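Asker: If you scroll down you'll find the structure; I have some questions about it.
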Amino acid sequence: MKSISKFKALAYAMVIITLASCKKNNNEEPVTTRLGKVNIEFEHKVGNQNLVLNTGTYTNANGDDFKVTSFKYRIANLTFNKADGNNVTIPESYLLIDAADQKTTLQTIENVPTGDYVSMEFLIGVDSLRNFAGAQTGALDPAKGMYWNWNTGYIFVMFEGTSSKSTQVDKKLFFHIGGAKAPNNTIRKVTLPFPAGGLRIRTNSQPQIHLMVDAASLFSGSANINFATTSGLHGGPNAITIANNYAMGMFKLDHIHN
């Protein structure tokens, strides 16, 4: 009888401990992800020269002279990568950058989980799901002038200018790159490794990533463009060549301020 009483007492004690433990767990606050911000600055170049719209004169890899009157592009699906393989894609990260609009050349990305990151990725263009979702708002608003009503899709990169070699009316250049379906899919992914020290996202600071963006990258890389034979296009097969070019060298990471 004495041994049975000891057993019951031990059992009751175990139940009490278990209940107390459950109660404590139920009262614990849920783990929440701490969030920070990062600025991305876009500095526009033509090769090693600063991009000066309308007046700057440049030479492409084929030796053709040109001026730039408009340079705009879209990036999407920003992803920050950690060394351990835990990558964070920022929801609704669709950006439209216009070299003529200084307000767009410094973008603030919010709700980035705190941590240390070793690289970033993004698309040049708009992912196929959103590309065919019809007219939208924000950076995807057709009123921004980067949308084909006749083609139901977004222009990913828009370059306009002039060249003495152009065969277009008034020597104009226009390269409107888009398309999210085979065989003319021009969506391209860019991966940019961070320098030593990486990107450090904290709740009490706002680091800045400085990117150099080269407008001349459209015309060299996988193939040099000759303005005497290719001076204007709206998507299509030739846009694949341009997209392959700029995927190789349009974006370069200059430095990070943590």
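Read-outs throughout are calculated quantities, based only on the coordinates presented, and are distinct from any laboratory measurement. All of these numbers come straight from a predicted model, not from anything done at the bench. Ideal geometry is used to build each Cβ from the backbone, glycine not excepted, and the neighbour counts take in all protein chains shown.
Asker: Could you tell me how many degrees, from 0 to 90 and to the nearest 10, lie between the Cα long axis of helix 2-27 and the main elongation axis, the longest principal axis, of the Cα atoms of the chain?
Answerer: 30
Asker: Something else about it: Pick from Lys103, Lys82, Lys37 the residue whose mean-square fluctuation is largest in a GNM of the chain, springs joining Cα atoms under 10 Å.
Answerer: In the Gaussian network model the winner is Lys103.
Asker: Please tell me which of these pairs span more than 29 angstrom C-alpha to C-alpha: Lys37/Lys181; Lys144/Lys172; Lys37/Lys172; Lys72/Lys171?
Answerer: Result: Lys37/Lys181; Lys37/Lys172 exceed 29 Å.
Asker: Just to confirm the number: angle between the C-alpha axis of helix 237-249 and the first principal axis of the chain, 0 to 90 degrees, nearest 10?
Answerer: Orientation of helix 237-249: about 60 degrees from the principal axis.
Asker: Also, I was wondering about something else. Rounded to the nearest 500 deg cm²/dmol, what is the calculated helix-only ellipticity per residue at 222 nm for the chain, with -39500 (n - 2.57) per DSSP H run of length n ≥ 4?
Answerer: After summing the helix terms and dividing by the residues of the chain, the value is -5500 deg cm²/dmol.
Asker: Taking only Cα atoms and a 10 Å spring cutoff, compute GNM fluctuations for the chain and point out the largest among Leu233, Leu51, Leu96.
Answerer: Its mean-square fluctuation being the largest, the pick is Leu233.
Asker: With contacts defined as alpha carbon pairs under 8 Å and 6 or more residues apart, what's the relative contact order of the chain in percent?
Answerer: 24
Asker: Here's a follow-up. Report the FRET efficiency, 1/(1 + (r/R0)^6), for Trp148 and Thr33, where r is their Cβ-Cβ distance and R0 is 30 Å, rounded to 0.05.
Answerer: Here the calculated transfer efficiency is 0.20.
Asker: Follow-up. At 0.36 nm per residue, minus the direct Cα-Cα distance, what do Lys45 and Asn111 gain on full extension? Give it in nm, one decimal, please.
Answerer: 20.8 nm
Asker: Another question about this same structure. Tell me which label goes with the value of Rg/Rh (Cα atoms, Kirkwood Rh) computed from the coordinates here: (i) 1.25; (ii) 1.06; (iii) 0.99.
Answerer: The value computed from this structure is option (i).
Asker: What is the calculated FRET efficiency for Glu121 to Asn226, with r their C-beta to C-beta distance and R₀ = 25 Å, to the nearest 0.05?
Answerer: 0.20
Asker: Further question: Output wanted: per-residue J couplings in Hz (rounded whole) for region 71-88, from phi through Karplus 6.51 cos²θ - 1.76 cosθ + 1.60, θ = phi - 60°, x for Gly and Pro.
Answerer: Calculated HN-Hα couplings, in order: 8, 9, 7, 10, 10, 8, 6, 4, 10, 10, 10, 9, 5, 7, x, 7, 9, 10 Hz.
Asker: Identify which of Asn111, Asn131, Asn244 has the largest mean-square fluctuation in a Gaussian network model of the chain, with springs joining Cα atoms closer than 10 Å.
Answerer: For the chain, modelled as a Gaussian network with Cα springs under 10 Å, the answer is Asn111.
Asker: Between Asp101 and Thr203, what is the FRET efficiency for a Förster distance of 25 Å, r being their Cβ-Cβ separation, to the nearest 0.05?
Answerer: Once the sixth-power term is evaluated, E becomes 0.25.
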